[in-house]
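Report on the structure given below.
Read-outs throughout are calculated quantities, based only on the coordinates presented, and are distinct from any laboratory measurement. Bear in mind that the values here come from a model prediction, so they are computed numbers and not experimental data. Virtual Cβ from ideal backbone geometry, glycine too; neighbours counted across all protein chains shown.
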Amino acid sequence: ETGVTQTPRHLVMGMTNKKSLKCEQHLGHNAMYWYKQSAKKPLELMFVYNFKEQTENNSVPSRFSPECPNSSHLFLHLHTLQPEDSALYLCASSILSQANTGELFFGEGSRLTVL
Amino acid sequence: RKEVEQDPGPFNVPEGATVAFNCTYSNSASQSFFWYRQDCRKEPKLLMSVYSSGNEDGRFTAQLNRASQYISLLIRDSKLSDSATYLCVVNIYNAGNMLTFGGGTRLMVKP
């Protein structure tokens, strides 16, 4: 049972839809992340939140909009996506002070298909 | 050039075999190194950190060569349950808590 929960696990949407991915961590961590995993490509860091403040936006298109209302919840709002945005979106959390230990705790991911 | 490069494999080995993966990284300022494991259709999980002097955890041995900028993972006495994708991960301290992942090496252990 993972301490990081993501919903929905699967999502199919059209290019004109608006949807959101949700992530919740039950580990008491203070940093949260969104990663994108596409077939045959490395995990790509999209956004980082430390203590609810966004510290990194890794050149992500504006059709992806993150929201972090508190240190336990993270959302990724999706709007007018493209078929190439189809991928597995992974949420992760860590303890900020120990970030350089390299231990991220990932959720099981939300598999997104854009038609 | 990719920041963290791995042979995607797959490496097909029989049970009981010893198998080694290498990973190279491009940024000489990289400070900390890790191996993650990702099972099919599951999330990545930390397998082990990689220390400068090399370190071992049971059947797994990790080594770091800073001069050549590569990291290795050796698995002895392979088990069927070792079948997974092994991700090489690098952290640059000045980049805060941003880990850079390699594309992964797929291992398949056969009976």
key: Most mobile listed residue (B:26, B:83, B:72) in chain B, GNM with C-alpha springs under 10 Å   = B:26
ask   = What Cys residues in chain B are without a partner cysteine, judged by a Cβ distance under 4.7 Å?
value = B:40
task = Give the distance, in whole Å, between the Cα centre of the stretch A:42-83 and the Cα centre of the stretch B:1-37.
result = 28
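Rounding to the nearest 20 debye, state how big the charge dipole of the stretch B:9-111 is about its Cα centre with +1 on each Lys and Arg Cβ and -1 on each Asp and Glu Cβ.
Values: 10 positive and 7 negative charges, 34 e Å.
Dipole about the Cα centre, nearest 20: 160 debye.
Which pairs break 21 Å Cα to Cα here: A:18/A:41; A:18/B:42; A:40/B:42; A:36/B:79; B:42/B:79; A:40/B:79?
A:18/A:41; A:18/B:42; A:36/B:79; A:40/B:79, as the Cα separations exceed 21 Å there.
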request  = Based on other C-beta atoms within 10 Å, arrange B:4, B:109 from fewest to most.
outcome  = B:109, B:4
ask   = Leaving out same-chain residues fewer than 8 places away, which aspartates and glutamates sit with a Cα under 17 Å from that of residue B:45?
value = A:1, A:44, A:103, A:108, B:57, B:82
GNM result for chain B, Cα springs below 10 Å: residue of B:59, B:41, B:76 fluctuating most strongly = B:41
query = Considering chain A as a Gaussian network with a 10 Å cut-off on Cα pairs, which listed residue, A:87, A:31, A:39, attains the greatest mean-square fluctuation?
reply = A:39
ask   = Around residue A:72, with a cut-off of 10 angstrom between Cβ atoms, what is the net charge of the other residues, counting Lys and Arg +1 and Asp and Glu -1?
value = 0
